[in-house]
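Trainee: Encoded as structure tokens, here's the structure I'll be asking about.
The values are calculated or read from the model by the stated rules, or taken from the named source; none is laboratory data. Please read all numbers here as calculations on a predicted model, not as lab measurements. Here Cβ is always computed from backbone atoms with ideal geometry, including for glycine, and neighbour counts include all displayed protein chains. Quick note on the areas: whole protein, heavy atoms, side chains included, nothing else; ligands and nucleic acids left out. Shrake-Rupley method; radii C 1.70, N 1.55, O 1.52, S 1.80 Å.
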Amino acid sequence: MNYSGYIKSASKLIMAVLLVMSFNGFGQEVKKPENKIELSMKSREGISGYIARSVSLAFSNPDKGISAGFPPSDDPSKVKKYFIAIDFETMDNVLLALLTDYAKELSGELKVTSGKDNRLIQKIEFSGASLDNFSGQSSAEDTHAFIYLWCKEITVNGVKLK
């Protein structure tokens, strides 16, 4: 029996399959995030760091809207005007325990640095913070853990918000 025809056909088939798989492999490559977001929180045990995926800061005119004060109070030292939302891939148990110590106000900072040259892009320092809400989401493709903080004081890139 002459197997050379089968071997040539099988070789061509194997090469075609490998070629298709190599293109598929490149198509599945995950792009590395360009920026790094790190949350540093102060606690009794010291300062702990956590990697976040995104951060949002919200505030508005302090004489109008929701930023007029939360919770409503006549004492300006108790009013929390600034809202931060932070997205994590997963929620760290130590951070969750720190956030759910409801009697305690939190302080910390968020740093956004460039992945290209490690340059500081944004620095948000906050104090008098308390957990407003926590939510988690899981799907077949991804997971998210969101924390939402109300803060008394915020400084963004050295500018104290009023």
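Trainee: Among the residues of the stretch 125-134, is there at least one that is open to solvent by 50 Å² or more (accessible area, probe 1.4 Å), modelled with pLDDT of 90 or more, of a type in the set (A, V, I, L, M, F, W, C) and within 18 Å of R53 (Cα to Cα)?
Mentor: yes
Trainee: Given (1) open to solvent by 50 Å² or more (accessible area, probe 1.4 Å); (2) in a strand (DSSP E or B), identify the lone condition not met by A145.
Mentor: All conditions are met except number (1).
Trainee: If I filter the stretch 10-20 for residues that are at pLDDT 60 or above and either under 17 Å from S127 (Cβ atoms) or under 26 Å from the mean Cα position of the chain (by Cα) (or both), do I get at least one hit?
Mentor: Checked the stretch 10-20: no residue is at pLDDT 60 or above and either under 17 Å from S127 (Cβ atoms) or under 26 Å from the mean Cα position of the chain (by Cα) (or both).
Trainee: Among the residues that make up the stretch 85-100, is at least one of them among the hydroxyl-bearing types (S, T, Y) and open to solvent by less than 90 Å² (accessible area, probe 1.4 Å)?
Mentor: yes
Trainee: When you check Y82 against the structure, is it crowded, with 16+ Cβ neighbours inside 10 Å and at pLDDT below 90, yes or no?
Mentor: yes
Trainee: Please list, ordered by first then second residue, the pairs with beta carbon atoms under 8 Å, 6 or more apart or interchain, first in the stretch 89-104 and without any contact (Cβ under 8 Å) to a residue 12 or more places away in the chain and assigned to a helix (DSSP H, G or I), second surrounded by 11 or more Cβ atoms within 10 Å (Cβ to Cβ) and of a type in the set (S, T, Y).
Mentor: That search, which allows pairs on different chains as well, returns nothing.
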